[in-house]
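**Q** My structure is below; once you've seen it, I'll send some questions.
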Amino acid sequence: DSDPVHFECFQELIMKVPSVKNPSRKPIDHDFFRKHIAGGSNPIIFNNLYPDLSEEERERMWTEKEKEYRRRAITSLRRLNGLSELMSQIDAEKIPKIAVTNAPRENADMMLKALQLDVWFKELVVLGGECEHAKPHP
């Protein structure tokens, strides 16, 4: 679960650079995170939080935020309970598998490696940024 690390990074970012959704510089809470950030793609998240900034400024911000996320996440990510057992069942049943994420390529590669899933998924990774529409679009 990468949300706790993303939450910390966004909390610090929004305290430094207030957002139209939270102009007070107060720490965001989990409700704010779920409503405005969790599961979204960076272009959508940053456009919603910082509509007055240029596209280049928003991209610079999310690039720095993702760099900080990777720095923290590489040592803190853990598999969700039950994932290893589910993976064994999937392999036993020869069910095809694929990873789908809104994460940038660098984050997806780092997460799969940190969780020792890179070999399991091999090249079977779909990134929202490489599709016409990112998750949760059908």
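The values are calculated or read from the model by the stated rules, or taken from the named source; none is laboratory data. Nothing here was measured: the structure is a model prediction, and the numbers come from that model. We work out accessible area using only protein heavy atoms, side chains counted, and drop any ligands, DNA or RNA first. Shrake-Rupley method; radii C 1.70, N 1.55, O 1.52, S 1.80 Å.
**Q** Under a 1.4 Å probe, what is the accessible area of the chain per residue, stated in Å²?
**A** 66
**Q** From the list (i) 24.7, 80; (ii) 16.9, 58; (iii) 16.3, 52, can you say which value of Rg and Dmax of the Cα atoms in Å was derived from the structure given?
**A** (iii)
**Q** With angles folded into 0 to 90 degrees, how steeply does helix 55-73 sit against the dominant principal axis of the chain? Use alpha carbons for both and round to 10.
**A** 50
**Q** Now a separate question. Which far-off residues, 5 or more places away or on another chain, put their amide H under 5 Å from the one on V100, with H placed in the peptide plane?
**A** Distant-sequence amide H within range of V100: V126.
**Q** Step through the residues of the range 98-108 one at a time and calculate ³J(HN,Hα) from phi using the Karplus curve (6.51 cos²θ - 1.76 cosθ + 1.60, θ = phi - 60°), rounding each to whole Hz and writing x for Gly and Pro.
**A** Once rounded to whole Hz, the list reads 7, 9, 10, 8, 8, 5, x, 3, 4, 5, 4.
**Q** Which of rounded, prolate or oblate describes the range 73-138 when judged by the alpha-carbon gyration tensor and an a/c cut-off of 1.5?
**A** It is oblate, given that a/c is not under 1.5 and a/b is not larger than b/c.
**Q** Mind listing the Cα extents of the range 1-68 along all three principal axes, in Å, largest one first?
**A** Taking the Cα atoms of the range 1-68, the three principal extents are 29, 25, 18 Å.
**Q** Taking all protein chains in place and a 1.4 Å probe, what share, in percent, of the accessible surface of the chain do carbon and sulfur account for?
**A** Accessible surface attributable to carbon and sulfur in the chain totals 53 percent.
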